[in-house]
Amino acid sequence: MTKPAPSSAPARRAIRVWLLVVAALMVVTVVVGGATRLTESGLSIVEWKPVTGVLPPLDDNAWQAEFDKYKAIPQYRERNAGMSLADFKTIYWWEWTHRVLARLVGGVFLLPLLWFLWRGQVEPHLRARLLTIFFLGAALGAVGWWMVASGLSERVSVSQYRLAFHLTLACVIFAAILWTAQNLVPRAPVAAPARIRASAMALLALAIVQIYLGALVSGLRAGLIYNTWPLIDGSLVPDGARLFFLAPAWRNMFENTLTVQFDHRMVAYGLWLFALLHAADVARTLRGGGALTAALALAAAVTLQAALGIATLVHQAPLALALLHQAMAIAVLAIAVVHAERLERRPSAVAAATGGAALRRGEQAT
């Protein structure tokens, strides 16, 4: 059996489709993870069993055993004392589904990767990138358990530090997968000034920072307070003494609910204004094309996301709105990735496209 050349067009298309499937599964996993957090279900499974944990309790005795383990942690004693077994099953299924989806993502990434490697269809530079993504994904699973473990002994919820790190790492992996998939599309580079390329990358970075801040808000339950807009704590800018009452001062950025929510709002305003200015700059400079379409889509998505954030805040984060807000954050990130990648200079991709076209012409000639 003749192995296809690593740079052949069918191999690149197959790898791209596979990566897009993995990215889509990651979106589902992140949204279910958000629901797990919002329903306070993340501590319902108090053990980490990467293999046997795929099987849920199968009879009444097994369910009671899992419930008894949950009763031993502070969250049950301080927040859910008296919870029924039926209610426990509800939060258990959320956490179990999130964990199974995470394992599914790992399997859907690893098995095809091994197949493509065995077939010799992965180019050397792509091989290193895909292996890096795989090891980051494995680390993400360990970080997930590290996060859960923070809420099993001395807290009634997981650490907001670890929650934010877990979500941000997941989003970085998602961005890397989507970037790699888009990188496999043969196209000529966009003739854009360095200013526009840099601002597209800055928007991508800022979107990830904003997701991190949103995770801190979620981890501190800060979206359930200061539920007014545009004022926060009675003013546009809260009193400095309330923003920085913890010592040392840096702790306020991560532990003070007022400061964390204020930071999330301010970065949201900055991201929205930056996206609008970037779209105007692209429109004025490039005057059309795919880059302008993506820039306008990003500005529109950020605008919609800001509106969803305000609605989620003033309604005190109902589950449906909060999940939609989180899903929209992933959509903003995806558009930012596609837009920044489109503007990247990729002579290797152009060469691959040219080579692929020449190969097809030669096949037609023969």
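Summary table
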{"read-out": "Dimensions (Å) - the stretch 75-164, Cα atoms, principal axes, largest first", "value": "58, 28, 15"}
{"read-out": "Residue-normalised accessible area of the stretch 219-323, given per residue in Å² at a 1.4 Å probe", "value": "50 Å²"}
{"read-out": "Selected from G144, A275, A247, residue furthest toward positive end of dipole (the chain; charges at beta carbon)", "value": "A275"}
{"read-out": "Using alpha-carbon coordinates, inclination of helix 194-219 to the longest axis of the chain, degrees", "value": "20 degrees"}
{"read-out": "Charge context of G137, other residues only, Cβ under 15 angstrom, K/R +1, D/E -1", "value": "+3"}
{"read-out": "Inter-label distance, nm, simple model (7 Å from Cα along the C-beta direction), A138/D233", "value": "4.5 nm"}
{"read-out": "Spatial extent of the chain: Rg and Dmax, with the Cα atoms as the point set, Å", "value": "23.2, 79"}
{"read-out": "Listed residues G34, Q75, A9: farthest to the positive end of the dipole of the stretch 1-83 (Cβ charges)", "value": "A9"}
{"read-out": "Inter-probe distance in nm under a simple model that places probes 7 Å from Cα toward Cβ, at K69 and R221", "value": "2.5 nm"}
{"read-out": "Average accessible area per residue (Å²) across the stretch 164-213 - probe 1.4 Å, nucleic acids and ligands excluded", "value": "35 Å²"}
{"read-out": "Magnitude of the charge dipole, the chain, Cβ model with Lys/Arg +1 and Asp/Glu -1, debye to 20", "value": "1460 debye"}
{"read-out": "The chain, helix-only ellipticity at 222 nm - DSSP H runs n ≥ 4, -39,500 (n - 2.57), divided by all residues, nearest 500", "value": "-25000 deg cm²/dmol"}
{"read-out": "Amide N of the stretch 205-241 lying under 14 Å from the label point, which is placed 7 angstrom from the Cα of Y269 along Cα→Cβ", "value": "229-239"}
{"read-out": "Highest-first arrangement of 133-139, 234-240, where packing means the average Cβ count within 10 Å", "value": "133-139, 234-240"}
{"read-out": "Relative contact order (percent, whole number), the stretch 1-147, Cα cutoff 8 Å, 6+ residue spacing", "value": "41 percent"}
{"read-out": "Per-selection Kirkwood Rh - the stretch 269-308 (Cα, Å, 1 d.p.)", "value": "10.0 Å"}
{"read-out": "Mean separation of Cα contacts under 8 Å (6+ apart) over length of the chain, as relative contact order %", "value": "22 percent"}
{"read-out": "C-alpha long axis of helix 160-183 to longest principal axis of the chain, angle in °", "value": "20 degrees"}
{"read-out": "Fraction of accessible area attributable to carbon and sulfur, the chain (%, probe 1.4 Å)", "value": "69 percent"}
{"read-out": "Angle between the chain longest axis and helix 124-149 axis [Cα atoms, degrees, rounded to 10]", "value": "0 degrees"}
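The values are calculated or read from the model by the stated rules, or taken from the named source; none is laboratory data. Because the structure is predicted, anything quoted here is derived from the model rather than measured. With ideal geometry, Cβ positions are generated from the backbone for all residues, glycine too; neighbour counts draw on all protein chains shown. Areas reflect the complete protein model, heavy atoms only, side chains present, ligands, DNA and RNA absent. Shrake-Rupley method; radii C 1.70, N 1.55, O 1.52, S 1.80 Å.
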